[in-house]
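Below you'll find the structure, written out as structure tokens, and then a few comments.
Every number here is computed from the coordinates shown, using simple stated rules; none is lab data. Since the structure is predicted, the reported quantities are computational estimates derived from the model, not experimental observations. Reconstructed Cβ throughout: ideal geometry from the backbone, glycine too, with neighbour counts over all protein chains shown.
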Amino acid sequence: MGIIFLGGVSGVGKSSVAKEIAIKLPVMALDGSSELMRHLNIPEGDYENLRNIAEVIKERAMQEIFCQISQYYRAETAVITGHFVKVLNGQIMSSYGLWYSYCAHLILIECDGSAILDRINDDQSNSKRIQRSLFNYDQSLGERISLIEDAQRASYEIMMQASKEFCVPAIRVKNPQGKLSSTVESICHLIERRS
């Protein structure tokens, strides 16, 4: 039991997968960004304000959040979505801290870069999400896909570093062409084996 950190780049489907897992299994699905905003007293959805806070403050807050959640969900499972790396204005930044030590498992969801970009564009055109500020405005389609794929590789490296440093099992799950059902089934199977 405990915390399963479900990570991946923006648009890979973490939130959708976590919600589906919570429907199929008795787990609590938590959005890491929402938890961080609540902890820092930032209004829900104010990503611009969140982006302006120093990374050291956010990482310290993440450690406090994960500590609290690990104590609360000691006998249950909490699936928390988040990022191993952050992408902002065409730059990739690591998201690394002691908070990984509170996890029982690290899972990285990956998907084809063009499918992720399609999902991001669809979300933004349908006003499902605010502007994510992932890319520079002058980046071409190919450069955007390349950035997403670079971020996925960096996410895998960070996950494996955290796995090794904190002795937390880690796996990579493919979300083929953004089709969530097989991804959800794979992760549900993992959770059921742990129970």
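Mind ranking 2-10, 114-122 by how tightly packed they are, going by the mean number of other C-beta atoms within 10 angstrom, highest first?
2-10, 114-122
Taking 1 over the mean of 1/r across every pair of different Cα atoms in region 1-112, what Kirkwood radius in Å do you get?
14.4 Å
May I ask you to list the lysines whose Cα is less than 27 Å away from that of Lys174, ignoring any residue fewer than eight positions away on the same chain?
Counting by Cα, and skipping residues close in sequence, Lys174 has these lysines nearby: Lys14, Lys19, Lys24, Lys86, Lys128, Lys164.
With unit charges on the beta carbons (Lys and Arg positive, Asp and Glu negative) and the dipole taken about the Cα centre of the chain, which residue among Ile148, Thr81, Tyr137 sits farthest to the positive side?
Thr81
What is the calculated FRET efficiency for Lys174 to Asn41, with r their C-beta to C-beta distance and R₀ = 41 Å, to the nearest 0.05?
0.65
Can you tell me the order of 54-61, 183-190, 148-155 when each peptide is scored by its average per-residue count of other Cβ atoms within 10 angstrom, highest first?
148-155, 183-190, 54-61
Decide, for region 57-114, between rounded, prolate and oblate: order the square roots of the alpha carbon gyration tensor eigenvalues as a ≥ b ≥ c, take rounded if a/c falls under 1.5, and otherwise choose prolate if a/b is larger than b/c, else oblate.
oblate
Charges only on Cβ, +1 for Lys and Arg, -1 for Asp and Glu: so what's the dipole of region 1-91 about the Cα centre, in debye to the nearest 20?
Numbers: 9 positive and 10 negative charges, 38 e Å.
It comes to approximately 180 debye.
Quick one: if you stick a label point 7 Å off each Cα along the C-beta vector at Asp118 and Arg51, how many nm between them?
The two pseudo-label positions are separated by 2.6 nm.
Rounded to the nearest 20 Debye, what is the dipole magnitude of the chain about its Cα centre when Lys and Arg each give +1 and Asp and Glu each give -1 at the C-beta?
Its charge dipole is roughly 400 debye.
Quick check on packing: order 23-31, 94-102, 164-172 by the mean number of other C-beta atoms within 10 Å, highest mean leading.
The packing order, highest mean first, is 94-102, 23-31, 164-172.
Over all directions, the average projected area of the alpha-carbon convex hull for the chain comes to how many nm²?
Taking a quarter of the hull surface, the average projection is 10.2 nm².
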